[in-house]
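See structure below.
Any read-out appearing in this document is the output of simple, stated calculations on the displayed coordinates, not a laboratory observation. None of these values were measured; they are calculated from a predicted model. Virtual Cβ from ideal backbone geometry, glycine too; neighbours counted across all protein chains shown.
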Amino acid sequence: MKRFYHILALACAALLLTACPGPIEPDGPDGPVPPDESWRNAASKEKLSGITYQLNVYSFADSDGDGWGDIKGITQHLDYLDSLGATALWLSPIHEAMSYHGYNVNDYTTVSSKLGTEADLKDLIAKAKNKNIGIYLDFVLNHSGSDNKWFKAAAADPSSPYRNYYLFSDTPSGYNNGGMGTWYPITGADAGYKGRVHFKVDMNAKTVTVTQSTAAPQSPNTQNPKCWLWYGSVSQHVGLYTTGTNLYEITLDIDTDWGFLVCTSTNWADGTKWGGTGKGVTFGVPFQMNNTTAANITFGGDASYYFASFDKSMPDLNYGPAATASVSPAFKDLADAADKWIKMGVAGLRLDAVIWIYQNNTADNVTFLKQWYDRCNTTWKANGGQGDFYMVGEAWMDKVEQMAPYYEGLPSNFNFYYWWTLKDRINKGKGDDFAKTVIYFQDQFKKYNPGYIDAIKLTNHDEDRAAHDLGRDVAKEKLAGAVLLTSPGKPYIYQGEELGYWGNKGGGDEFVRSPIKWTRSGSVPSTALNGKVDNAMLSESISVEAQEQDKASILRVYRNFAQARNAWKALAKGQITEVKSPNSAVALWTMSYEGQTVLVAHNFGSGSAAFAVTGYKTDKMIVSNGMADGSSGILSLGAYASAVFLQ
C-alpha cells in the first residue's frame, strides 16, 4: 500500500508538471520562505554573493550620444547592475589604446578620452562603492601596443632605456616555445625616429654614422651639394655639407616614419641610392651602406625584429628572468601604473593572457604572477584596503590540470572548464555527474592554494555566446543562468548574457560584444564596433525595458537567483556536496555554510522529472525557475527547471 501511494504521488506530480501553465512561485506550504539577510553586515548591508558583472565600456551605455559607450554610462546604470546582485564590475581596458577593445595599450596611466576622464572613473568608483560594488580594471601585462611610447622609442633607438622592455633580435628563432607568436620586422612606423641627429657620410668607406646631437640644427646645403639625404613621412631631399674628401655631414631635426636613404644624385632613378639590407643604425656606430639592395636604413639597430604573441600591434613585454622579474624596468613601470589605480580606489585587476607572459612556461608565469600580486596587494593594504586585493587571471588552457598551478601565483583564475562542462551536459540532457565534476575542478585548485577563489562563468568577450552554444533555446539559457548562480565560487555574468544575447565570432569578435539595448526604441552605442552589430537580435523584445516588464524573461531569472544568492549565505559562500541523483537528467547538490544548508536541483533534460529525495526536505522553496514543486514530498521539475530548497 505504501508503494501504491508513492506511485500515486509521482503520477500526480507528473500531472501537475504537464498541466501547470507557468512557473510555480517559490512558496512552501506555509507561504513564501522569507529571505535570510541576518548574515549580512547590518551596518553596510554588504552583498557577499561574489557576483561580478563583466562589461565592455565601449558598448555598455552611452551617456552623451556619440555612439561610444563610456564610464558615465556605467554610473547612470548602477541601479540595474545592483539589481543583478553585482558585488563588482569588471571593466574592459579603459586606457588609451590603438583599438576599440583596448588590449593594445598606449599608456597605462591614462583613461581613454573616448571613454571619459579620470574624474569620471573616480565618480564611478565612489558611487559604486555606495552600493557595495567594487571596480575591477582589465590590465594587460603580456604586451603593450606598438604605438606605446615605450615601444616606439625602443624600436627607433637600440640605446633607448626602453629597449629591454621588449624582445628584439637580429636572428629571431626559438622564443615561441608555446607554439604561438611571430617575430615581426621593424618596418613602417616602427622604424622611424623623431629628434635631432648628426649625419656623417663617408663615401670612401661607404658608411653613414648617425649620432644624437644637441648642436644647433643646420639648414640644408643648397650650394651644389654632392650628397643628399632622403627621409620623412613626406620625403625630403636634403643636401649635406662637404667636410673632407668624400665626407659629407649635417645636423638636422628629423621626423621620419620609415628611416632614410643616402643619395649621390637628385635623380631618384639613376641607381645612386645608398641604403642597407633591412637593418637599422646604432647611434654612434658606422653603418655599412650598399647600393645594390639599398633597403631603407631604419633606426632599429642590430635588433631588427620584435616578438609578439598575438598581433604585430601587440609587442610582447620583457621582464627578464622570471625569478627577478620584479626588478625589471618594465615591471616597475607597470606596477607604478597599477599603483595609481589602486590608490584611486580600484578594488581588483583582471589580468589578460597570463600564460603567454613567459610563453606558456607555467613555472615562470606563476613565479612572475606571485611577484605581481604581492606588489599590488602591498599597495592595496598600504592604501587602507580591507582584506586582500582581488586579482583574477585569464589562464586559458585546454585542461583544468594544466591551469590549476596558476593558483600558486594568483588567488583567482577563470574556470573555463566549468562552462565547457555545463554546456555539454545541458545539450546532452545529462545532469547527474555535474556536481561531481565541479568538485573535481575544486580539488585540483585546492592542491595549489587552499584559499582559491574559483571564478566561474558562462562565456566572455572572446567566446561564442552562451545562447549560441545552447542553440538559442531560451529555456536552456535560463537554466544555464540558474546553475551559474547556485554553484560554488565567484560567478561572472557577461554583458547581455542576462538578456539572452546570442552571437558568434564567425563574422568578427564584435558580434559577441554587442551593445546593451536599454529601451524598446532607443539607439545603442555601436560606433566602436564599426557597424558589426546584429540589429535583428537587438529587437524591442530583448531590451532591458521589455524584459523588466516580462515576468517570464531571462532577466527576471537572473535577478531572482542573484537576489537569492545575496540573501542566503549557503548559496553565496557554501561548500558543495554532491547528492546522488536517481534521474540521469537531474543535477543535485547541497551548499552548506555556517550552519545553513540548501538543496539545489536542476533538470538538464527536455522532459519532466519527479522523484523522492531521501533524507532531504523539499517543502521550503527559496527560489525557482520553470515548473518546480516539492511540497508533496516528491521533487518535481519540469523541462530545464531549477529549484533551491532550505534544509
- Query: For the chain, what is the convex hull volume of its Cα atoms per residue in Å³?
  - Reply: 172
- Item | Centroid-to-centroid separation of the stretch 454-473 and the stretch 340-380 [C-alpha atoms, Å] | 26
- With +1 at each Lys and Arg Cβ and -1 at each Asp and Glu Cβ, the charge dipole magnitude of the stretch 187-302 around its Cα centre, to the nearest 20 debye, comes out at 180
- Gained length - SER169 relative to TRP396, 0.36 nm times residue gap less alpha-carbon distance: 78.9 nm
- Message: Sort 62-72, 480-490 by packing, meaning the average of other beta carbons within 10 Å per residue, with the highest value first.
- Response: 480-490, 62-72
- Task: Would you kindly state how much longer the chain becomes between ASP333 and LYS127 on full extension, computed as 0.36 nm times their sequence separation minus their alpha carbon distance, in nm to one decimal?
- Result: 71.2 nm
- Two-site label geometry, LYS447 and ALA363: point separation in nm, points 7 Å out along Cα→Cβ: 1.7
- Message: Contact order normalised by length for the chain, with contacts defined as Cα pairs under 8 Å and 6 or more residues apart; what percent is it?
- Response: 15
- Message: With viscosity set to 0.692 mPa s at 37 °C, what whole-number translational diffusion coefficient in µm²/s follows for the stretch 187-302 from Stokes-Einstein and a Kirkwood radius over Cα pairs?
- Response: 237
- What helices does the chain hold that run 24 Å or longer along their axis, going by alpha-carbon atoms, with a Kyte-Doolittle average of 0.0 or more, using DSSP H for the helix calls? 2-19
- Task: Subtract the Cα-Cα distance of VAL474 and THR109 from 0.36 nm times their separation in residues, and report this length gain in nm to one decimal.
- Result: 127.2 nm
- Ranking TYR373, TYR448, TYR306 by Cβ neighbours within 10 Å, fewest first, what do you get? TYR448, TYR373, TYR306
- Note on the structure: Once the in-chain neighbours fewer than 8 apart are removed, the lysines whose Cα is under 20 Å from LYS200 read LYS226, LYS273, LYS279
- Task: Count the net charge of all other residues whose Cβ sits under 12 Å from the Cβ of GLY500, scoring Lys and Arg as +1 and Asp and Glu as -1.
- Result: +1
- Message: Quick check on the stretch 454-535: what does the Kirkwood estimate of hydrodynamic radius come out to from the alpha carbon pairs, in Å?
- Response: 13.4
- Estimated FRET transfer efficiency (VAL285, ASN224; beta-carbon r; R0 30 Å; 0.05): 0.50
- Task: List, largest first, the extents of the alpha carbons of the stretch 274-378 along their principal axes, each in whole Å.
- Result: 58, 29, 24
- Message: I'd like the FRET efficiency for THR117 and ASN427, computed as 1/(1 + (r/R0)^6) with the beta carbon distance as r and R0 of 35 Å, rounded to 0.05.
- Response: 0.20
- Message: Students often get this wrong, so check it: of LYS428/LYS580; LYS131/LYS580; LYS399/LYS569; LYS340/LYS569, which have C-alpha atoms separated by over 28 Å?
- Response: LYS131/LYS580; LYS399/LYS569; LYS340/LYS569
- Message: What do you get for trypsin sites (Lys or Arg not before Pro) in the stretch 501-577 restricted to DSSP loop and a cutoff of at most 16 other Cβ within 10 Å of the site's Cβ?
- Response: ARG520, LYS532, LYS551
- Message: So the label point goes 7 Å from the Cα of TYR241 along Cα→C-beta, right? Which residues of the stretch 219-233 then have their backbone N under 15 Å from it?
- Response: 219-227
